[in-house]
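Just so it is clear, none of the values below were taken in a lab; they were calculated from the coordinates. Everything quoted here is computed from the prediction, not taken from an experiment. So basically every Cβ, Gly included, is an ideal-geometry build from the backbone, and we count neighbours across all protein chains shown.
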Amino acid sequence: MARFREVLKERNFFLLWLGQIISQFGDRLNQMVLIAIVYARTPGSPFELAKFFSFTIIPSFFVSPIAGAFIDRWDKKTTMIVCDILRGLVVLAVPLLFVDVKSAPSLPIYAAVFLIFAVSCFFLPARLSIIPDLVSKDKLLVANSIFTVTGMIGSIFWFVVGGILVEIVKVNNGLYLNALVYLMSAAAITFITGHRRHSQKAAGPVGIEKMIKTSIAAEIADGLKYLRGHKEARFAFRVLFVMMAGAGAAYSVIIVFIQDAMGSITKDLGLLGMFLGAGFFLGSVIYGKAGQNLSKHKTIFGCFIAAGITMFFFTMILKWTQSFMFASVVAAALGIFLAPVGISTNTIIHEMVAENMRGRIFSSLGIAMNIAFLIFMLCSSKLAESMDRSYILYAVSGFYVVAGMLGFADMCLFKEKHINA
């Protein structure tokens, strides 16, 4: 089995990995700026926070259905570079247009957020789809482990750094920095050379119009048909839907819950996020080294149960003791249990799904994840306006435990039917 060091020695993969680290920084700066804007306008409101973040998700419903089909035709490296440049330019336009973004009209801010994440609908599936073109099949599990380390830990770590920077340099300067970061990500990806290309020949203006009317629609239908008829793709669909439903239900609620419990706006939120990120790192490293010999399905179900139990204790500790020390330890444990879920799911797709279908499958999965996240985020944040927020977090904990137990039960029933047959 390949080691982390061996995979990172692959020059093209290392450049993609570096680009992701930088790009993640840009994403988290965006996130912290949004939190700062919402807090300045409506402090302590989970629903207002959820409404703002819904504009980061809605683009997936309009763009993702066609993004995967285009990605399977385009060169993935070029797609990522163009996406990072476009995101940087949109971010840069906001502080150039408004002297004080926090007091700016909501509509243009919503529009900018929508555009940034519409472009991300092309960037993220292209990044996931190019990994098998950069490393050999025997290194896929480790490569996905490394990417999960970058994605999950980067999200949390840069969340902390972004929060500190936005508080120091203020919102407008944070946006200037955000634009620069996206352009740096594009620069890193530019140096990838010699990767295997499977994109089809580019079409002219007439060809593009025809492709939109016919080929794209047909390829989207093919992707959905493939998803329905492919057992492992359907399994990945269900896993990611469950994971993101729970994450969405907890997301805006837990931000305000931590702020209320710890008596700070971003400091304790960022520090607890850092411990969660450390847990993700440790869980990804452990699973990246030992996961080759474990059942991916059993790992996912076991991690759901463990994560649910851990989240229950995290909520209880913050509610009744406000102990940062105990909460940080439990946050790290939560990260350890959640990390293998994403690694296992992505690896299942890479191993089982045909290369010419990956873009469409990842886009379809992205739609399912975003639908789950958006619906449960809006519903739970609205409930949190009129009830104890800890009850919602306890419910999410139970949701993960039940999902894991049902998964194990389904496996046992399938095994029994197979034996009887």
Nitroxide proxy distance, nm - points 7 Å out along Cα→Cβ at Ala93 and Glu167: 3.2
For Asp27, Asp268, order by how many other beta-carbon atoms lie within 10 Å, fewest first: Asp268, Asp27
From phi via Karplus (6.51, -1.76, 1.60), per-residue ³J(HN,Hα) for region 119-129 in Hz, x at Gly/Pro: 5, 4, 5, 8, 5, 5, x, 5, 5, 5, 6
Modelled FRET efficiency - R0 45 Å, Asp138 with Ala395, Cβ distances, 0.05 increments: 0.60
Cross-link table Lys51/Lys267; Lys51/Lys319; Lys139/Lys231; Lys137/Lys289; Lys9/Lys296, entries beyond 20 Å C-alpha to C-alpha: Lys51/Lys267; Lys51/Lys319; Lys139/Lys231; Lys9/Lys296
Phi-based couplings in Hz for region 254-264 (Karplus 6.51, -1.76, 1.60; Gly and Pro marked x): 6, 4, 5, 4, 5, 4, 5, 5, 9, x, 9
Table column - 3J(HN,Hα) (Hz), region 173-188, Karplus curve with 6.51, -1.76, 1.60, x for Gly and Pro: 5, x, 6, 4, 5, 4, 4, 4, 4, 4, 5, 5, 4, 4, 5, 5
Global form of region 258-315, assessed from the alpha-carbon gyration tensor, a/c cut-off 1.5: oblate
